[in-house]
Structures are given as structure tokens and as C-alpha cells.
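A short write-up of the structure that comes next.
The values are calculated or read from the model by the stated rules, or taken from the named source; none is laboratory data. Everything quoted here is computed from the prediction, not taken from an experiment. Counting neighbours? That spans all protein chains shown, and the Cβs are built from the backbone with ideal geometry, glycine included. All accessible areas refer to the heavy atoms of the entire protein, side chains included, with ligands and DNA or RNA removed. Shrake-Rupley method; radii C 1.70, N 1.55, O 1.52, S 1.80 Å.
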Amino acid sequence: MTSRSTATLRSRLVDQAASDLEDNRRRQQELTERLAVLQQEEALLTDILKLAQRYESFADASRLPEQSQDEPVVDRPQRTSTERRPLLGDLLLELLGRHDTPCSAKELRDELLEKHPDRRPTPQVVRNTLESLVAKGRIRRHKQRRSVMYTLSPSQTAA
């Protein structure tokens, strides 16, 4: 083998290794992003299960305190459709629509508490709701340094 053919072979091997390394890093990034989404889904599902377990005890009639025979039965007034509270996701979409710049979950929660004092969602519930809206394509998530910011998706802006 001549030194020229050795150099050509070495050059091809280096080019192939560089290409493979770039492809490997791209696939790692894709997997990292997919893992982050799966971890968010896991957190949401865990929260749902915790809520279900917390309220499961109410489904078992034997765990409910018994009403004595002489207590009157009090019917709760049923809400009419005009009294229904809007969904948290709809309120967050409305708040996001008022902003021209991306907002953090904390900013949106603070604004929600100010404009709707009857609503007191935890920060985690607000984040989960926002992530649900991202999954549905109704809003977009942006990372700015270490912060996660949200904006309406273009389809929601047009609507």
C-alpha cells in the first residue's frame, strides 16, 4: 500500500467516524428530549394516581360517616350550565392570549390568582395543565436559560 492510498483510506475513515459521531449525538439529543417528555407524562400520571387514591376512600360507603335517622337529608343545589366554572386550561389560554411575550407558569398562576380569586390551583397543577395544552398543540413551550416559558401556538392566535 502506498502512502497516498493509506492517506486516502485514513481520510475516509476519519470522515466516516466524524459522520457517525454527529449522527450518534443527534440521536442522543432526540432520546434526551423524548425522555424529558416521558418523565413529564410520568409525573402527570403519578399525580392522577395519587388523586385517585386519595378520593378512592370516598367510593367505599363503609368508610363514610353514617347519617343518623333523625338527621334531615340536605340536597345540594345543582349548578346550572350558566354557573359552571371555566376549565383551568381555558383560563390559562385566555391569560396567555393577553400577552405578546412568553410567560412562565409562575407568572400565569399569579395572574390567575389575581383575576380569579376563587381559583387556587397549586403551581404543579398549573404546570401540568400547561404541559397538557402543549401536548394538544394549543400552546408552545420555550426554554429561556433555565426557565420554561409558554406562548399561544399560531393556530390559537388566529382563532
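The condition of being open to solvent by 80 Å² or more (accessible area, probe 1.4 Å) and closer than 30 Å to ALA135 by Cβ holds for only one of ARG10, ARG34, that being ARG34.
Within segment 103-146, restricting attention to residues that are open to solvent by less than 60 Å² (accessible area, probe 1.4 Å) and more than 13 Å from GLY89 (Cα to Cα), the residue that is farthest from the chain's Cα centre (by Cα) is HIS116.
One line per residue, one yes/no per condition, for (1) of a type in the set (D, E, K, R); (2) touching a residue at least 60 places away in the same chain (Cβ under 8 Å); (3) within 25 Å of GLN39 (Cβ to Cβ); (4) in contact with a His (Cβ under 9 Å, 6 or more places away or on another chain):
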| position | (1), (2), (3), (4) |
| --- | --- |
| SER104 | no, no, yes, no |
| LEU113 | no, no, no, no |
| PRO121 | no, no, yes, no |
| GLU131 | yes, yes, yes, no |
| TYR150 | no, no, yes, yes |
| PRO154 | no, no, no, no |
